[in-house]
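Below is one structure; the comments refer to it alone.
The values are calculated or read from the model by the stated rules, or taken from the named source; none is laboratory data. For clarity, every value in this text was computed on a predicted model and none was experimentally measured. FYI the Cβ positions are ideal-geometry reconstructions off the backbone, even for glycines, and counts take in every protein chain you see. Surface accessibility is based on the protein's heavy atoms, side chains included, excluding ligands, DNA and RNA. Shrake-Rupley method; radii C 1.70, N 1.55, O 1.52, S 1.80 Å.
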Amino acid sequence: MFMRREPGPLVLAVRGPGPVRVANGPSRTVVRYLGPAFVAAVAYVDPGNLATNVTAGASYGFTLLWVIVVANLAAMLVQYLSGKLGIATGLSLAEACRERYPKPVSVALWLQAEFVVIMTDLAEVVGGAVALNLLFGVPPTVGAVLTVAGMLVILAAQQRGRRPFEAVIASLLGVLVAAFAYQTLRAGVSPAEAVGGLVPRFAGTDSVLLSVGIVGATVMPHAIYLHSALTQSLRARGSRARKVAVRATLVDVVLALAIAGSVNVAILLGATSLSSASSLEEAYAGYGGATAAVFATALLVSSLAASAVGVYSGQVVMQGFIRRSIPLWLRRSVSVLPALVILLLGVDPTSALVLSQVALSFGVPFAIFPLLGFTGDRRLMGDLVNRRATRYAGYAVGGLIVGLNAYLVSAVLL
């Protein structure tokens, strides 16, 4: 009754007015390709990032700064490969999984991807509820509903085409940059101490748990699925035109994730001025005055922007894996339920946010390794197949994340 099979290409179902056509030649400037990575990058500055980075800065000072930097570099590589897959094949990662894997494997990947989207939605809705409570005293459950309503307003821009939606998302990202730049300046961070945080180390099991959360909040699996769908309509005919599009996508990714990474670094640096704040509410109280208001406003903005991108990703996942979609209101209604349950039960929102990001970290390998397999297949990618160095770097990233997850599991069990 509610689900419908999409007869046309994925991009038509997701973007509304139709795909963007790219001229077959290098005359198209890089600027014309910019945008998709900025939409995906919003996933890297969501409330989950705020919760993990604030907790890291308040609890461990600069110790885990290196985790943010390494995770952001890894995200650049992964997002570049995702964008390249869409350009080279005209397929999203979810579509490629459906077409290239046996059905049982594809269905299993779809189910875990839907779990990832639910965890993402949980973080966005809980974060928005906390922000509205801090700013206006709105009850958390009411705040959750208002966050969903705000997300629907932002998504209305998507119905007007690719560029308006990208412009709205980029504007919200700009607000976050300004907010956390202000917060960092107010914190009076010592440059020497900050540089010391780039030395890889941990400070006990809890810091490992937080590091896994940072990885999950940075190398977001749903953003990997999304970016390939955003670039699939940029596919061009001819080797030269394809390479121009891929080079432009690399610029797009580096710019967007450099901004998102800077925001995450700023969040941690600003939080080092707090005295062991273990929650967003304590961080708000610790900042005080104008800085607290800026912090809560940034939390609300990140919730709204990332929530819109999250539901976009959910549509990409479902349409790609099983060629079906459900009404937006139904997807939102289902995805908001876990957040409402957590808020009604009185679970600490910050702990819920951190654990949701840990869950995302365990979902990252299920997106990265298929992506590496597809982009390393010459029959599928043609002359855009991964070079040896890129292939090795990609598997090193995937192996590092698996190793970190395994270390956490062993540390908790033992």
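For the reader, a short list of remarks on this structure follows.
- Within region 172-198, the residues that satisfy the criterion of being among the polar types (S, T, N, Q) and surrounded by 13 or more Cβ atoms within 10 Å (Cβ to Cβ) are Q183, T184.
- Residue within region 85-99 that is closer than 19 Å to S307 by Cβ and assigned to a helix (DSSP H, G or I) present: no
- Of the criteria (1) under 22 Å from E124 (Cβ atoms); (2) open to solvent by less than 10 Å² (accessible area, probe 1.4 Å), which one A96 fails: (1)
- Flag if V244 is part of a helix (DSSP H, G or I), open to solvent by 40 Å² or more (accessible area, probe 1.4 Å) and either closer than 27 Å to A181 by Cα or in contact (Cβ under 8 Å) with a residue 40 or more places away in the chain (or both): no
- In region 362-375 there is no residue matching the filter, namely being over 21 Å from L93 (Cβ atoms) and open to solvent by less than 20 Å² (accessible area, probe 1.4 Å).
- Which numbered condition V189 fails, given (1) more than 20 Å from P349 (Cβ to Cβ); (2) part of a helix (DSSP H, G or I): (2)
- Set L274, L340, L380: member being open to solvent by 10 Å² or more (accessible area, probe 1.4 Å) and under 24 Å from A178 (Cβ atoms): L274
- Residues of region 308-342 that turn out to be modelled with pLDDT under 90, among the hydrophobic types (A, V, I, L, M, F, W, C) and within 26 Å of I214 (Cβ to Cβ), as a count: 5
- Apart from one condition, T63 fits all of (1) under 20 Å from G398 (Cα atoms); (2) not acidic (D, E); (3) not in a helix (DSSP H, G or I); the exception is (1).
- For V358, the conditions (1) at pLDDT 95 or above; (2) buried (at least 17 other Cβ atoms within 10 Å of the Cβ) are fulfilled apart from (1).
- Test: L81 is under 26 Å from L268 (Cα atoms), in a helix (DSSP H, G or I) and touching a residue at least 12 places away in the same chain (Cβ under 8 Å): no
- Complete set of residues in region 315-337 that are open to solvent by less than 40 Å² (accessible area, probe 1.4 Å), out of contact with any strand residue (DSSP E or B) (no Cβ under 7 Å at 6 or more places or on another chain) and not β-branched (V, I, T): G320, F321, P327, L330, R331, R332, S335
- Region 218-241, subset surrounded by fewer than 22 Cβ atoms within 10 Å (Cβ to Cβ) and outside any helix (DSSP H, G or I), residue modelled with the highest pLDDT: G238
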